[in-house]
1. In nm, give the distance between the simple-model label positions of A:S514 and B:T217, each being 7 Å from the Cα along the Cα-to-Cβ direction.
2. If r is the Cβ-Cβ distance from A:L550 to A:W473 and R0 is 30 Å, what FRET efficiency results, to the nearest 0.05?
3. Starting from the range A:455-515, pick out the trypsin sites (Lys or Arg not before Pro) whose DSSP state is loop and whose Cβ has at most 12 other Cβ atoms within 10 Å.
4. Grab the other residues whose beta carbon is less than 12 angstrom from that of B:I245, score K and R as +1, D and E as -1, and report the net.
5. At 222 nm, what helix-only mean residue ellipticity would the protein assembly as shown give, in deg cm²/dmol to the nearest 500, using -39500 (n - 2.57) for each DSSP H run of four or more?
6. What shape does chain C have by the C-alpha gyration tensor, where a ≥ b ≥ c are the square roots of the eigenvalues, rounded means a/c under 1.5, and otherwise prolate means a/b greater than b/c and oblate the rest?
7. Of the GluC sites (Glu not before Pro) in the range A:543-650, which ones lie in a loop per DSSP and count no more than 16 other C-beta atoms within 10 Å?
8. Give the cysteines in the protein assembly as shown for which no other Cys Cβ lies under 4.7 Å away, or write none if there are none.
Amino acid sequence: MLKKEQKEESIGKKFSALIAKKSTIKFWYGIVITFFIVLVIVPTLFVLTYAVTGWDDMGENIFTAPEPITPDNYHQIDIGNSTIGASFPAPDIIDVTNSTHWGLNVHTNSNIYINYTIYSLDDDNASHTHYYSNSSFSGAGIGWINISANESYNEITHIGPMFQNLTLAYADGTYIDSWESDVFLRAGDAKPFDMVIDALKVSFIIAIIVTIIDFIAGLPMAWLLVRKDFRGKKYIDTLIDMPLAVPTAALGFSTALFWAVTPGVDAFGSLNLTSSPFLLIILLHIVFSYPYMVRSLSAILHEIDTNYEVAAQTLGAPPLTVARTITLPLFRAGLVTGIILCFARSLSETGGTMMALAMLTPHMAELAYPMQTGPSLIGGWKHAGGFDPQLAFTAMLLVIITLILLVIIKIIIMKFKMPLRKVFPGPERLLSKGVFPKLKDASSMIFMFFILIIPSFFIFSFVFTSEATPVDWSPFWSAMGFSFLVAGVVTILNLIFGVPLAIYIVRGKNKIMSHILDVLVNVPLIVPTSALGISLGMFWGSMNLGWTTLLVISAHLAFTFPLVVRNVAGALEELDPTYEETARTLGARPFFVFRKVMFPSIKFSILAGAIMAFTRSLGETGATLSVAEEANTVPVYIVGLVRAGSEYYYSAALACIALIAISFLTMMIMKYIARRAE
Amino acid sequence: MPNIKITGLNKIFGDLKAIDDLDFEVRDGEYLTILGPTGAGKTTLLRLISGLTEQTSGTIEIDGKNVDDLPPEERRVAFLSQSYSLFPHMDVWENTTFGPTARGWNPDKVNIIGREMLEMVHLYDRRDALPRELSGGMQQRNALARALSADAKVLLLDEPLRALDARLRLDLRHELKRLAKAMNMTTIHVTHDQEEALTISDRIIMLKDGKIIQSGTPQEMFNKPANPFIHHFIGEANFIEGTLIRKENGHCRITDKANRSFRASQTDLSEGANVVAGIKTEFTILSKEKESDVNSFHGTVDRKLFMGRFTDFEVILAEGGMIHARLPSSIAHKFDEGSNVFVHYSPERLLVFPEPEGGLKAELEMM
Amino acid sequence: MPEIVMKDIAKYFGKVKAADGIDLHIKSGEYVAVLGPSGCGKTTLVKILSGIWEPTRGDCFIDGKKVTGIPTFERDLGYIFQNIALFPHMTVWQNANYAPIVKDLEPEEGQRITQENLQLVNMLKRKGFKPFEISGGEMQKVGIARALCSGSKLLILDEPLSALDARVRLDLRYEIKRLVKRKGLTAIHVTHDQEEAMSTSDRIVLMRAGKIVEVDTPENLYNHPKNLFTANFIGEANFIEASVLKCSDGKCTAEARNRQYLEFLNPHEKFKPGDGIVIMVRPENLSISHKEKKHSLEGRILNKIFMGSFMRYRIKLATDDFVLVEVPEADDKTFNIGDKVNVKFRPNKLLIYPQPRGGLTEVLSLE
């Protein structure tokens, strides 16, 4: 008995001696770093190679318009300063599963209204009413109604859709013109390049506006949470994080329902305030980016020694002056983090945006939406199929501009100087007292409730007040199974490789290497996930593996990996290295030190990182859609339901709620663990 | 025989020579103090010896064996950091037995040593407490017990008393030495506190800018400082700048810039040299009447600072300049603020140094 | 010049009573030190006075005006921090100039004040530097200048020297005292360092566990403490437990352990035979000799420590008590470790206290 124990002990000793060897440790770190570079960084940035390899491709597909319009396949209707044209190739029967973009091209300067019916012909030349819709185009712009191949055509293969009974009218219903024909329609004549630029413009403008609003509204809230003590603070603190527990697809659904005019559906309490996609997307993006801003700002506020503020106050500076001259300038690092996180999140978001756009203009094909963001354009093209060059180009541009812009943001904030010398003692003193601080606090609260909390959970109002429709749960469960599989595998891989990488970044002896890795880890976090998906698809696609599941897993791995590394690295930076050093001098080998000293102190951060990675994977739409459109995760399934029409909204809402419940559960576990850790 | 031998040790961080070509030895069982101002390289030196930092060049031998390639856990050198670094999630017992457990000793042996050490620092009754539940002094004792039980031969203490209240420090520093001696440990204790160094050490090494500027017993350091800086750092001193006029039997004569003449202690410097002479404030004598013609000057008491056992006087001399004197409080009542006094330097206590490069003021800069 | 009155100040954090019924009156132009071990509530007191914390109970008055509820920035005081808290993004000049700017002084006037105060602490030469470019001592000097620039006549120093090197601390504390007196400020100086408190202040407020223990001048607290805790905290002290055997003519004989006897003075017949007492005597008031027997107890020298100008002996008495004896270095030659000596307790140097309830250790505890 004793002998056996001793033997085990000696094996253990040999093992720990072996893994403690410098060369062995180096070997392990080598594997981890290689994993990170090859499986995360290279695939994420692979799309940049398109700038070189795709040059000819771009000339052909991006910078030139599709086929020229010829009189005999083009029908044009003049309506004053607008034209509506239907351009189409030779009337022929076309395989819909291959050529999938068909469209009605519209140029207009006024609001018009289009009614159309689409028929499909089956093999027996019998016609089936397949698609009926009306769309409105408001203001000047180019757009097209796009009919895409999707599952619903499966039963009538080899037959293309056609337009008939095309009617045009002004938005008020005044008739303009109509025509009937048996024609196939083809996508319009806009240059893909223009579309990309338009969409990216929208994306960046929205991201900038959202970030600014987040900052203005988030700063007082962060202040309130860190520097003030009041009853119910704990609950406010939890409420802030709530939107993070709701997958963005569900958020898009909920927010659109609350704020916007959503044709074909209504819910009790819906405000029906706007039909503007621009406004709606901004409102939506604030909901899920605001918590990031508040969290980043409060994290840094925590770190700033209150003595600086107290010192300024003892010198006679009223609180507002203190905030402006002392706290804000000390704040920069946190500001950079907050701004970059919000900016990147807004830029990256796909699922919620697609949901909201779909609900504003139901039954309209994505590419015909009056407004596109970068990710939604990627989603649309991906969905339409056959747009590989366009996708690659968009993703590449998105990555490049994002990286450049973020570097610029960082430089601007670090260089920007607050006007220290110029002080306005009178007004600042006045604003620091009496009713003003209360007003500020109250408006932060109101903002949080009306912009964040109510829109996030408005989906419940819909479910409770609208008429129940029969729900087919089986596709939901199969999607759920797939989602869990992906999230599970991703989380495990993250732990295996993310924790050692975090240790290397914080404690590594090679400072230059650590620093480079530290910067690289953030890259997948700021690259928009849909661009990341395209990039990954190109990278692995070039190797022709063709495994959808693996593709999805590797995409999810890329954008969740930084979450684990960041969390663990953050905890390690807080952990005084003298603990580990002391343990070493007391005779403990590195692995023993990790197990007994380091791990107990960071285990909660590891767990928090794992849970964050898991929920993010569960809620992600953009990366999944863009890497493999056929992959059926829950958010993709929900987006599909909403796109299929308002009759599926009820099912979509229930699926959303199921997803919310699961995310919520994990978040509560995380909170509980965090509290225990304290 | 855990002696330590350090030869040609260098540590360079970027442009900074943190440790600049050190050579010294620590004898078996010796209690050595490394004294120096902040930034002198004291902590870096401890980290090099313990293997937590790798030296740029030079060798470290412990017990006659070169340890340059050994990782910290194989050097058997216990390091006690300023903040103690008690593992926050372990109780007093687990902290104390960390070393033996890490080395994989059998549980009986671990229990024996843990108990022995905790009883020695009077913490056995608190063995289930977590570090945060202990007072500062108890934490320090717990950390010490942990270091002593780690089967180390050398104990490295990095400002072990800094985090404690001033009054508590006085009690604990003797406790610290007692325990180190009881365990027959070779100890290197780093501090910036000259009084602590003076009272606790067998030997002091004075470190400045990564270099050793003097080493010796406390008496040697106090009574025969190698330069004006040490003279002023270990106890305060009054200085005069002047020229060495003449060497006499057992004395020398110095004239300062105001043409005052001083008799000072013996020196090897040659006549005509520019010199600095300094005397500890403890040996600067005040009297009501002029007691001697040598080194005696008239002045007025500007300020009295009571410090308990001693009272510090600031005296403004009639010829200009201010000097400090430290008198036992029992006689301090004789001299009120504003009263006329005579200041007297005894020649054998007035030590002579060559004029420092860069001037006296720069030499004495403490901050 | 401000006069400060605190009436029944209390501050509770949950169950912890950081301050519990503090009454204090500080005269205009007075320099008061608030002294006590960690966690005694001394910092709480000044935080309440400066309005950083609101008291649970009680009121502060500055110049007769009740300040409870008035925010910090309208209280008009200068505050110096333990961790210095110079604004890291501003230069030395901008730091000092902060108060004049936020107080909306004329720019010329503000610059004059800033210039004057930076000059006063000798930091004008560093005006273009950022805080991280200068040493700790220099940073605190700038901290002082910054507080002075607020133009307030009330200066609060919250452990201003704790973060600094021991030697720098010595120099700076004199500088602070000089400045405060020259500018005629009222100062409240919080510290755990008894020597710092004694050497800087006119009066010391000694605190323990949220309550004031004793308030008096440094000399009185050192020489005639009314309380055993005071005796131990302010300077080192020897304690011997005994009981009164007999009394006559204003003198008593006390019996210590092991039938050892000591005589002490009992001028007001405060003690009667049978009383349990504690005898306190400072180390410098004891003397040792080989011969003299009167008023002496036998003992053996355990340890001998060089303290600069004096030697300190640790002696085990025949009563089994341990005492410290300090002897000027000049008298030192003849005593060695292991020697049997007589320790002389002059009756007029002894202070006698009634035996405390709860035991001596409890009363003396520093933590």
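Laboratory data are not the source of any read-out in this text; all were calculated from the coordinates shown. These numbers come from a predicted model, not from an experiment. Quick reminder, even Gly has a Cβ in these numbers, built from the backbone with ideal geometry, and neighbours come from all protein chains shown.
1. It works out to 4.5 nm between the two label points.
2. For A:L550 and A:W473, the calculated efficiency is 0.65.
3. Here the trypsin sites (Lys or Arg not before Pro) that fit, given the DSSP loop and packing criteria, are A:K509.
4. +2
5. The per-residue figure over the protein assembly as shown is -13000 deg cm²/dmol.
6. Because a/c hits 1.5 or more and a/b exceeds b/c, chain C counts as prolate.
7. Sparse-neighbourhood loop GluC sites (Glu not before Pro): A:E630.
8. A:C342, A:C656, B:C252, C:C40, C:C60, C:C149
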